[in-house]
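First up is the structure itself, then whatever we jot down about it.
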Amino acid sequence: MRTQAVIVRCAELLPKDPRYYQIAVLSSLLTYGVGRLAFDVTPTQIAVLLVSVLLAQFLCGKFFTGTAFDPRSALISGLSLCLLLRTNSLALAIAAAIFTIASKFLFKWHGKHIFNPTNIGLVAMIALTGQAWVSPAQWGSKLYFAFLMACLGGLVIHRAMRSDVTYAFLFSYVTILFARAAWLGDPWAIPLKQLQSGALLLFAFFMISDPKSTPDSRAGRLVFGTLVSLGAAYVQFRLYRTNGLLWSLALCSLLTPLIDRLLPGIKYEWTRPKTSMELKGDSHEEKVFIPRRAAHPVA
């Protein structure tokens, strides 16, 4: 009982907003990538991206919604751009940062983001400029690093209560890779190698699990994760295009309003994610999840 009380007390001292965990984990990954994996991103580019997203968040919040400046979501988007976006142009990096943040205010449905901001920012820069790219090879395929990312990502999605969409995506994507290998007669070493990617795990644990742009209901999120995996496989293996995960997520995000309509649920709010114990034992008092009609737009 005493040990349990200590654990409960420690849990109460932890920040309730999962964005703090995301910022800490993404910062650690960026530090590791620059220091140990020699990421092709300079300190100047990192500084420009982070300053740009924070400034864009401040200005968009002031002119679009009149809300107080909150740097947490902007920092998550900025760190994600630092990890994924590669370009030789600082002007394009600034444009990517501005578009990423502006998308949260421009592309909304019932007070909810349609797109994951980082995802749509990357896709837009790749599609429109031809001078931006994502380099999956920068992560390497070291098992220990993949395991590290999986563990840290699992911590984040548990706090954000969006592990279902991540696991739905990973299960269906792994199934597709191994089924394709079996159909072609390839050795299992090929799909195993494809799964040993830091970029894949970063996408699965930090991008598709964004609680502000995924469907509201658990059933909807399971459908959504499966659709994204099918779309990614189609882009990669039928269209023979790179960045299949990014393209698929951007296109499938357009279906989120329809999924929410067919499979309605309670809209997520950042304030205080419930734990599994609270969800089971406190069904009458809403502490985080609020009905869509009562929700206020949050950028």
Query raised in the report: Within the range 174-181, is there a residue that is assigned to a helix (DSSP H, G or I) and among the charged types (D, E, K, R)?
Result: yes
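Leu255 - would you say it is surrounded by 16 or more Cβ atoms within 10 Å (Cβ to Cβ), at pLDDT 60 or above, within 19 Å of Arg180 (Cβ to Cβ) and within 20 Å of the chain's Cα centre (by Cα)? Lay out the reasoning, then the answer.
Details: surrounded by 16 or more Cβ atoms within 10 Å (Cβ to Cβ): yes; at pLDDT 60 or above: yes; within 19 Å of Arg180 (Cβ to Cβ): no; within 20 Å of the chain's Cα centre (by Cα): yes.
Answer is no for this residue.
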Report summary line: Of those in the range 16-49 that are aliphatic (A, V, I, L, M) and within 17 Å of Asp210 (Cα to Cα), the residue surrounded by the fewest Cβ atoms within 10 Å (Cβ to Cβ) is Ala24
Query - Failed item, numbered, when Ala189 is tested on (1) in contact (Cβ under 8 Å) with a residue 24 or more places away in the chain; (2) loosely packed, with under 15 Cβ neighbours inside 10 Å - result: (1)
Query raised in the report: So which residues in the range 208-235 are outside any loop (DSSP other than H, G, I, E, B) and crowded, with 22+ Cβ neighbours inside 10 Å, if there are any at all?
Result: Gly220, Arg221, Phe224, Gly225, Val228, Ser229, Ala232
**Report entry** Output for the range 259-269, where each listed residue is assigned to a loop (DSSP other than H, G, I, E, B), farther than 15 Å from Asn116 by Cβ and touching a residue at least 40 places away in the same chain (Cβ under 8 Å)
**Finding:** Leu263, Pro264, Gly265, Ile266
Query raised in the report: Tally time: how many residues in the range 236-258 are in a helix (DSSP H, G or I) and more than 15 Å from Asn116 (Cβ to Cβ)?
Result: 4
Report task. With the condition kept exactly as written, say whether any residue in the range 60-77 is at pLDDT below 85, of a type outside the set (Gly, Ala, Ser), surrounded by fewer than 22 Cβ atoms within 10 Å (Cβ to Cβ) and part of a helix (DSSP H, G or I). Result -> yes
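The values are calculated or read from the model by the stated rules, or taken from the named source; none is laboratory data. Fair warning: this is a prediction, and the values are worked out from it, not measured in the lab. Reconstructed Cβ throughout: ideal geometry from the backbone, glycine too, with neighbour counts over all protein chains shown.
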